[in-house]
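Single-structure report; data block below.
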Amino acid sequence: MKSFFYAELEGIQAEMRKDPNIFMFFEYQIPVAAAPGKPIINLEKEFGRLRVNHAGLDEIWYIGAAMGAGMTGQRAIGHIPSMTPLVPFELIAWHAGRLRHMTGGQATFPVLLIIQESNMAPGSAGQHSCYGEEKYYAGTPGIKVVVPSTPYDAKGLAIAALRDPDPVVYIETRGMPTIGEDAPDEAYEVPIGKAKIISEGKDITLVGFGLIMEQMYKALDKMKSEGISAEVIDLRTINPLDDETVMNSVKKTGKLLCAESGYYSLGVMAEVVARTAEALPGTKIKRIAFPDSPPPGSPEMMNWMKVDAGKIYNAAKKLL
């Protein structure tokens, strides 16, 4: 099975082969990925340094250069690693999110901005842990934000983002576990703004995205073994949110459990809860997330604080 990162690069590779004008800025390392039985993807080797540029640590330069190209209608990709997900926020929020609207939609801004976050591995401590930052980008009008959790979505959303006329922030989790569907070899799109129902059910609706979906799958298995019929939804896109899919599910189950890896207050799931409460008053609702605290250095404390399958299962049982 292809890894998340291999599938992501495969999608970018397919679009770069199709459009010789697409170029990429990739910070401090060469974008290379391998998968069992598959050819090694080395974007710099295939497309050359003029189209795949990697150099020193300068997040502002990489994202600014990609955005500058996007302002002219040129399709470009800017990729920055974890520990720096908010360094280019000012550029993205004040320019990428506004310039297309300032032209009344006449100008396109086809830029893909890949923001890598850490995977909540114990021992990274506060200065090296970064997650939950997607909420800042999702709260910025004019920017689409996708957070794939499977190899299939990683590839399909990368291709969809590169074909989109609007700026797209693509959240890439470092060392993302391989879960869900594999990515086919051919090119395809996963529609931006459309959530995916992982498992249909009638007792309770579970909603998540990104890194938390690995724990959702584990919790779902336990609930199934006990005869609990849970409907699990992977948002995939957090701006724009797919209200229709979530609301249709909650109308059926009457219970909503939201989980995310980011911080509890003012997060993406707080928005999902608010929209549900407004649209469907009387719904039984619960959300769980990382506590409002900087990430600890202690591995034991990190494991205790982050959301896992057991916490999702226990919260679901209480709602039921």
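The values are calculated or read from the model by the stated rules, or taken from the named source; none is laboratory data. The model shown is predicted, which means the values in this text are computed figures rather than measured ones. Positions of Cβ are generated from backbone atoms using ideal geometry, with glycine treated the same way; all protein chains shown enter the neighbour counts.
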Every pair of residues 6+ apart whose Cβ atoms lie under 6 Å, when the first sits in region 120-137 and is outside the structural domain of Asn303 (by TED's automatic domain parsing) and modelled with pLDDT of 85 or more while the second is assigned to a helix (DSSP H, G or I) and surrounded by 20 or more Cβ atoms within 10 Å (Cβ to Cβ): Lys135/Val268
Go through (1) over 23 Å from Pro177 (Cα atoms); (2) within 23 Å of the chain's Cα centre (by Cα); (3) free of Cβ contacts under 8 Å to residues at least 60 places away in the same chain; (4) not in a loop (DSSP other than H, G, I, E, B) one by one and return the number of the condition Met67 breaks. (3)
Check region 173-182 and report whether any residue there is of a type outside the set (Asp, Glu), in contact with a helix residue (DSSP H, G or I) (Cβ under 6 Å, 6 or more places away or on another chain) and modelled with pLDDT of 95 or more. no
Which one of Ala195, Ala158, Ala154 is over 24 Å from Ala66 (Cβ atoms) and under 13 Å from the mean Cα position of the chain (by Cα)? Ala195
Do any helices (runs of 4 or more DSSP H) lying entirely in region 98-202 carry at least 3 residues that are out of contact with any Leu (no Cβ under 6 Å at 6 or more places or on another chain) and buried (at least 20 other Cβ atoms within 10 Å of the Cβ), and which ones are they? 134-138, 151-163
From Ala277, Ala315, which residue is touching a Lys or Arg at 6+ places or on another chain (Cβ under 7 Å), assigned by TED's automatic domain parsing to the domain that holds Ala219 and in a helix (DSSP H, G or I)? Ala315
Is it the case that Gln74 is in a loop (DSSP other than H, G, I, E, B), under 22 Å from the mean Cα position of the chain (by Cα) and touching a residue at least 12 places away in the same chain (Cβ under 8 Å)? no
Looking only at region 282-312, filter to residues that are assigned to a helix (DSSP H, G or I) and at pLDDT 95 or above; which one of those is farthest from Ala259 (Cα to Cα)? Gly310
